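Below is one structure; the comments refer to it alone.
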Amino acid sequence: MKRGIEPTTVERKMREDDFIVSKTNAKGIITYGNPIFIEFSGYSEAELLGSQHNIIRHPDMPRAAFKLAWDTIQSGREFFAYVKNMAKDGSYYWVFTHITPDFDANRQIVGYTSVRRCPKAQAVKAIEPVYQQMLAAERAAGARDAIAAGTSVLVDLLQQTGMSYEELVFSL
Ligand SMILES: Cc1cc2nc3c(=O)[nH]c(=O)nc-3n(C[C@H](O)[C@H](O)[C@H](O)COP(=O)(O)O)c2cc1C
């Protein structure tokens, strides 16, 4: 549905006390969005519900970031990240997201919940060039090897800093 949307340089900023909440089924199909999620996405609730969550994916985001997200949450763990999203009108908005799995009584994953808060400006400034490097490596590697190439940029950075991914995110 978002195919054809041109990203613009218009930024929408989250307010300090905003929480953008969405829920998906186990496959990433949106099953719920709070009013602020709907507002920031620029889509109607009817357009969002039943759509893949990549409907708001921004082309500046490296694929390896989402691979790490899915690997983490599918293994039952929580995931934190700074994410650049794209609204229906092509504008962008940065969020600090926390995604958690939803379990049933048998501990099977039945879906996921994401709560996003206003990101720290300095953190966005710090992570943006990392994502740019990951994206450049992904583009240079070509579609088949993109995720491996993007991941390796991140892994190299973690090795240089001696931090885990989570430590890096919380150090920003
Ligand atoms: C609960 C939940 C929330 C998500 N929130 C976002 C989001 O805000 N922005 C985004 O681009 N992807 C989000 N994703 C990841 C998307 O499902 C998708 O993996 C990503 O947009 C990359 O698209 P692709 O898998 O088609 O490459 C979320 C996934 C889940 C399970």
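The values are calculated or read from the model by the stated rules, or taken from the named source; none is laboratory data. This is a predicted model, so every value here is computed, not measured. Cβ sites come from the backbone with ideal geometry, for glycine too, and all protein chains shown count toward neighbours.
Tell me the residue from ARG139, ARG117 that is more than 18 Å from the chain's Cα centre (by Cα) and under 30 Å from PHE37 (Cβ atoms), please. Outline the logic, then answer.
Numbers: ARG117 fails: more than 18 Å from the chain's Cα centre (by Cα).
After applying the criteria, what remains is ARG139.
Any residue at all in the range 65-73 that's buried (at least 16 other Cβ atoms within 10 Å of the Cβ), in contact with a Pro (Cβ under 8 Å, 6 or more places away or on another chain) and without any contact (Cβ under 8 Å) to a residue 40 or more places away in the chain? Yes, the range 65-73 contains at least one residue that is buried (at least 16 other Cβ atoms within 10 Å of the Cβ), in contact with a Pro (Cβ under 8 Å, 6 or more places away or on another chain) and without any contact (Cβ under 8 Å) to a residue 40 or more places away in the chain.
Here GLY4 fulfils each of the conditions (1) of a type in the set (Gly, Ala, Ser); (2) at pLDDT below 95; (3) closer than 21 Å to PHE103 by Cα apart from (3). Pairs meeting the criteria (first residue in the range 105-120 and over 12 Å from VAL21 (Cα atoms) and part of a strand (DSSP E or B), second residue hydroxyl-bearing (Ser, Thr, Tyr) and near the ligand (Cβ under 9 Å from one of its atoms), beta carbons under 7 Å, at least 6 apart or on different chains) are GLY111/THR24. Does ALA26 count as within 10 Å of the ligand (Cβ to nearest atom) and crowded, with 17+ Cβ neighbours inside 10 Å? So ALA26 fails the test.
Answer yes or no: is there a residue in the range 27-44 that is touching a residue at least 40 places away in the same chain (Cβ under 8 Å) and within 29 Å of GLY142 (Cβ to Cβ). Yes: one or more hits. For first residues located in the range 133-157 and farther than 18 Å from ASP60 by Cβ, partners that are at pLDDT 95 or above and surrounded by fewer than 16 Cβ atoms within 10 Å (Cβ to Cβ) and lie 6+ apart or on another chain with Cβ distances below 8 Å form the pairs ALA148/ALA141.
Quick test for you: out of LYS84, LYS88, pick the one residue that is among the basic types (Lys, Arg), surrounded by 14 or more Cβ atoms within 10 Å (Cβ to Cβ) and over 11 Å from the mean Cα position of the chain (by Cα).
Criteria check complete, one pass: LYS88.
Does LYS27 fit the bill of being among the basic types (Lys, Arg) and modelled with pLDDT of 95 or more? Yes; evaluated as a whole, the condition is true for this residue.
For the range 51-60, give me the residue count where each residue is buried (at least 17 other Cβ atoms within 10 Å of the Cβ) and more than 6 Å from the ligand (Cβ to nearest atom).
Filtering the range 51-60 for residues buried (at least 17 other Cβ atoms within 10 Å of the Cβ) gives 51, 53, 55-56, 58.
Retained after the next criterion (residues that are more than 6 Å from the ligand (Cβ to nearest atom)): 51, 55, 58.
Residues meeting the conditions: 3.
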